[in-house]
Ligand SMILES: [Zn+2]
Ligand SMILES: [Zn+2]
């Protein structure tokens, strides 16, 4: 069994991917989507939510405690040691932080917390003035984690328009089509990945080294998926 989001090999009893934190097995397509206000929140609401989320994230989940919603009256000694300095973070860093937060919460088996942060992470990305390929991959993985394959496919298409043979596009596409139970389409994406893999990885794109484990895991799954097809001949 492999993770539907990142492709990591999972044990048969795993409820969450240890790599990216995606939920495993049934329910990932329906459970999350129902409660998520996709595209509903406006930019202003999104900004507010992001600030709240970052304060919450910075609190390290030690409870409501001393996070000062009143604007800095809490004594510094009461604040968590690892509280991030939000004012020093770029919007890109905030988005990445929320993305990592969602993935980590899943790994830790805290789906409720992850579900709470997932729309905020997507909002943080939606507010960025420009999205590079890596940001679009993160958005796509968040979409897949939230059980929204159509949104992940849209990110894959945009990546492909920017860099026609970028491996992240094939990865998102294969996972999304699997979620949509389009196994023929998924197999095509797996094949495309393998076709372009060697040439792409020699390009040494920074996002490839950042996600090297995801790429290696996906390679294994793509090989298995395409080999199975050849031997069964179905
Ligand atoms: Zn995963
Ligand atoms: Zn990345």
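Only the coordinates and a few stated rules stand behind these numbers; no lab work does. All figures in this text were calculated on a predicted structure; none of them were measured in a lab. So basically every Cβ, Gly included, is an ideal-geometry build from the backbone, and we count neighbours across all protein chains shown.
Structure data summary
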quantity: Cα centroid of the range 147-197 to Cα centroid of the range 114-139, whole Å; calculated: 18 Å
quantity: Ranked packing of 214-226, 179-191, most packed first, by mean Cβ within 10 Å; calculated: 214-226, 179-191
